[in-house]
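One structure is given below, encoded as structure tokens.
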């Protein structure tokens, strides 16, 4: 069965700190996709990144970076030099081939000035 | 802007009433998904369409729920005889034909059943 676990329910940091959001997934498929979405207080889910199961290269986009490790079934998300605008709920999600997304419970990040 | 709009944004109704939500893409899309999100939880899959065809339905989608996508563009989700447990955010997502395998979400419809 597919499952996504985000063990950190809430994280609070002070502005400019680095923060890592953990994501562990379970799937029996060899082909799958992993995603991160951001949900700010306004409520709309914003797509951040998609990773193919065959591509384990880490990715960096500005202050955001993602670490994908198949050996530990993890897809962690790091924000460097966090800012107040990063405050949101972050969701990790899994899909097998093209199809429905299975979301984790989300991690609520609070960045204080 | 994801190019997905949803109406209404908020709906308050009394238990037992029927409600209908609409999801509209701005441009051509292929697959359309409906999810439900309750407070403090991640979104849960309800159903999806490829063009007009409804290809998968979750067990969460009881017989009080029905979804349509009559012309392969906009979609509606209807809940009959609403219950307080139906209170949630209902999210529509589209897969852009140019960026397959990635779902872009609309702003959602927040339903409150009194």
Item to check | Residue match in the range A:29-39 (condition: part of a loop (DSSP other than H, G, I, E, B) and within 23 Å of residue B:110 (Cα to Cα)) | outcome: no
Checklist entry - For the range B:22-65, how many residues are more than 10 Å from the chain's Cα centre (by Cα) and in a strand (DSSP E or B)? => result 15
Checklist entry - Residues in the range A:3-31 that are surrounded by fewer than 16 Cβ atoms within 10 Å (Cβ to Cβ) and either touching a residue at least 40 places away in the same chain (Cβ under 8 Å) or within 13 Å of another protein chain (Cβ to nearest Cβ) (or both): how many? => result 14
Checklist entry - Within the range B:12-45, how many residues turn out to be surrounded by 14 or more Cβ atoms within 10 Å (Cβ to Cβ), within 14 Å of chain A (Cβ to nearest Cβ) and touching a residue at least 40 places away in the same chain (Cβ under 8 Å)? => result 11
Item to check | Residue satisfying all of: in the range A:70-113; closer than 16 Å to residue A:4 by Cα and out of contact with any strand residue (DSSP E or B) (no Cβ under 9 Å at 6 or more places or on another chain); nearest to the other protein chains (Cβ to nearest Cβ) among these | outcome: A:70
Checklist entry - From the set of residues in the range B:66-76 that are at pLDDT 90 or above and surrounded by fewer than 18 Cβ atoms within 10 Å (Cβ to Cβ), which is nearest to the chain's Cα centre (by Cα)? => result B:76
Checklist entry - Can you name the number of the only condition in (1) surrounded by 13 or more Cβ atoms within 10 Å (Cβ to Cβ); (2) more than 10 Å from chain A (Cβ to nearest Cβ); (3) within 30 Å of residue A:8 (Cα to Cα) that residue B:84 fails? => result (1)
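The values are calculated or read from the model by the stated rules, or taken from the named source; none is laboratory data. It should be emphasised that the depicted structure is a prediction, and the values quoted were computed from it without experimental measurement. We place every Cβ from the backbone using ideal geometry, glycine too, and count neighbours over all the protein chains shown.
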